[in-house]
1. Dividing the alpha-carbon radius of gyration of the range 3-63 by 2.2 N^0.38 Å (N being the number of residues), what value is obtained?
2. So for the chain, averaging the separation of alpha carbon pairs under 8 Å that are six or more residues apart and normalising by length, what relative contact order in percent results?
3. Can you tell me the orientation of helix 105-120 relative to the chain, as the angle in degrees between its alpha-carbon axis and the longest Cα principal axis, to the nearest 10?
4. Listing L31, L46 from the residue with the fewest other Cβ atoms within 10 Å to the one with the most, what is the order?
5. Of F141, F178, how do they rank once you tally other Cβ atoms within 10 Å and put the fewest first?
6. Treat every Asp and Glu Cβ in the chain as -1 and every Lys and Arg Cβ as +1, leave all other atoms uncharged, and give the resulting dipole magnitude about the Cα centre to the nearest 20 debye.
7. Averaging over every viewing direction, what projected area does the convex hull of the Cα atoms of the range 99-194 cover, in nm²?
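Values quoted throughout were computed directly from the atomic coordinates according to the rules given, and no laboratory measurement underlies them. Keep in mind the model is a prediction, meaning the values are calculated, not measured. Neighbour counts are summed over all protein chains in view; Cβ atoms, including those assigned to glycine, are modelled from backbone coordinates with ideal geometry.
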Amino acid sequence: MSDRQRAILRAIVEDYAETASPVGSVTLAKLFGVSSATIRSEMSHLEELGYIESPHTSAGRIPTDKGYREYVNAITEVTEQPQARLGDRSMHALNARVKSSGEVADRAIRGAVDSLVELTGNLGLATIGDQLYMNGMSNLFSQPEYLSGRHVQAVAQLLDNIEPWLREVAPNKPLNVFIGSENPIGKSSGATLIISKFRSPYSDTSYIGVLGPTRQDYARVMQLVRHAGATLEDIL
């Protein structure tokens, strides 16, 4: 993939995350200052490589799971840099809510989850001992992807099995991203699980994260989830 194709893929991912509408060549041509024909040629190549696809009869394109993975891999290094998180009001809001719970672990973890729900618009979840705390179900199913019900059953299957799956898979990185078909359960859910492992009084392998559509602001959500895990680990 050329640098321009990589930039076009990034623009498609980010524009689609914001608008929930397939991205057309005219929009991209204005952004990159080239002709629509040039953009269409580049998009055709990206489609041949499996990074984007055309939904139904739309002239626009949306990212595939492979495209999202390419995008996430490219931004992971940036989101892991501490300086990338400085000055973000969302980070400060999360910090304030977690710290207001004092050192009561249960309250701190629930507060962090509730903050993620409010800040990302996704479903938030965390393991607390042998229990799973979830909030924001209405957020998840109000997303455009789930209004038709096409993916709802697969998402429900994923949620029903999330706790045993986490115990079995035991993601071992401070930040783990499972995109769409990468989820061992609910492969057709069209959902992404972004989750962080942290140490708590309950366990050395507690988790906090969000579940949302594959169409989302990955850079921001990944930073927030990683920060939530790090903040809980520091406080608890």
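1. Numbers: Rg = 10.2 Å, N = 61, 2.2 N^0.38 = 10.5 Å.
Computed over Cα atoms of the range 3-63, the ratio equals 0.97.
2. 18
3. Helix 105-120 sits at roughly 20 degrees to that axis.
4. Final ranking by Cβ density, sparse to dense: L31, L46.
5. So the residues, fewest neighbours to most, are F141, F178.
6. Computed charge dipole of the chain: roughly 300 debye.
7. Working: hull surface 25.7 nm².
One quarter of the hull surface, i.e. the mean projection, equals 6.4 nm².
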